[in-house]
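One structure is given here, and the rest of the page talks about it.
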Amino acid sequence: MRKAITRDGAAVAYQTAGRGTPLLLLAGQANTHHWWDGVREDFEDGYRTITLDWLGTGASDKPDRPYSTRGFAADAVAVLDDLGVERAHVYGTSMGGRVAQWLAADHPDRVGALVLGCTSPGGAHGVERDNTVRRSLAQPDREAARQALLDLMYTPAWTAAHPGPQQTLGDPELPGFARRRHLAASAEHDAWDALPGITAPTLVIHGTDDRFNPAANAPLLAERIRGAALHLISGARHAYFEEFRALASPAVLTFLDGEVTG
């Protein structure tokens with residue numbers, strides 16, 4: 001594990017594995033690089049995977065100040081700079097997909113191909129989760145709220161066969177202030193006006209049964225980004241990339257491999 005220093009002096013921990021074309025993997029809100037533990041090896045035969053711990057999580061610094069998806073994109077650039085990577089493919093999921101939108105819009109020369117998973121354009125045009133979902137996540141009983149999140153991430157069949165611990169439910173060591181800062185960063189994301197300017201070849205991928213970040217956001221992104229392809233995984237919830245890895249990882253690899261060889 002190494003650390004990159006951002007423009008404002010914060011240290012961002014990052015990790016690399018595999019070899020080949022650089023592939024930056026961006027995790028969901030309030031999560032560390034462990035978000036990718038279940039599928040990272042799928043990409044390591046042909047790609048040098050790069051992950052990071054968002055500010056506020058894991059081994060990164062935890063400044064108590066506002067965070068933003070656009071700021072997180074700048075932090076990701078600091079990681080690429082520290083590695084001497086001029087250009088990487090980018091695969092972002094959930095909040096990581098929001099960050100990936102800004103990375104491709106603000107730093108087009110640093111992004112090869114772009115994959116946006118289970119994410120949203122945000123703002124007035126994004127489709128928000130319904131009030132039932134919000135209430136289930138905000139209930140005061142922490143174990144009940146955790147179970148609600150688990151049900152949004154995976155199907156009951158998956159959780160019955162994989163009792164965990166799951167790596168996609170948030171950093172267990174996350175300070176309360178950082179959790180609130182992450183929530184605000186994701187909620188305030190709005191890249192709608194920037195999306196048509198994205199020039200990277202783009203794949204939008206989403207589970208059809210995702211209620212945490214509604215699947216209706218996927219076609220919005222695909223239509224807003226010129227030339228983007230759309231891939232929906234039937235029956236998948238928010239953590240489609242893990243539960244449905246047998247479908248999701250090959251779809252992403254086929255897209256990325258085509259961009260490498262094309």
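Brief remarks follow.
- Exactly one residue out of 161, 200 is modelled with pLDDT of 95 or more, open to solvent by 40 Å² or more (accessible area, probe 1.4 Å) and of a type in the set (A, V, I, L, M): that is 161.
- Of the strands (runs of 3 or more DSSP E) contained entirely in region 1-71, not one carries at least 2 residues that are in contact with a Cys (Cβ under 9 Å, 6 or more places away or on another chain).
- Among the residues of region 93-111, the ones that are surrounded by fewer than 20 Cβ atoms within 10 Å (Cβ to Cβ) and in contact (Cβ under 8 Å) with a residue 24 or more places away in the chain come to 3 in all.
- Near pairs, Cβ below 8 angstrom, 6+ apart or cross-chain, from region 217-235 (within 9 Å of residue 207 (Cα to Cα)) to any residue that is small (Gly, Ala, Ser) and assigned to a loop (DSSP other than H, G, I, E, B): 232/215
- Within the option set 90, 127, being among the β-branched types (Val, Ile, Thr), within 19 Å of the chain's Cα centre (by Cα) and open to solvent by 20 Å² or more (accessible area, probe 1.4 Å) holds for one residue only, 127.
- Any hit, region 59-72, residues being among the acidic types (Asp, Glu), within 28 Å of residue 212 (Cα to Cα) and under 14 Å from the mean Cα position of the chain (by Cα): no
- First in region 71-91 and more than 18 Å from residue 113 (Cα to Cα), second anywhere and in a helix (DSSP H, G or I) and open to solvent by less than 20 Å² (accessible area, probe 1.4 Å), Cβ under 6 Å, 6 or more apart: 72/99
- Candidates 185, 248, filtered to the one that is over 21 Å from residue 68 (Cβ atoms), surrounded by 13 or more Cβ atoms within 10 Å (Cβ to Cβ) and either out of contact with any Lys or Arg (no Cβ under 6 Å at 6 or more places or on another chain) or not acidic (Asp, Glu) (or both): 248
- Scanning region 1-34 for residues that are in contact with a Phe, Trp or Tyr (Cβ under 9 Å, 6 or more places away or on another chain), closer than 22 Å to residue 173 by Cβ and open to solvent by less than 10 Å² (accessible area, probe 1.4 Å) gives 4, 12, 25, 26, 27, 28, 30, 31.
- When region 135-180 is filtered for residues that are outside any helix (DSSP H, G or I) and acidic (Asp, Glu), the ones remaining, listed by number, are 141, 171, 173.
The values are calculated or read from the model by the stated rules, or taken from the named source; none is laboratory data. Note that the coordinates shown come from a computational prediction; the quantities given were computed from them, not determined experimentally. Cβ coordinates were reconstructed from backbone atoms using ideal geometry, including for glycine residues, and neighbour counts include every protein chain displayed. Quick note on the areas: whole protein, heavy atoms, side chains included, nothing else; ligands and nucleic acids left out. Shrake-Rupley method; radii C 1.70, N 1.55, O 1.52, S 1.80 Å.
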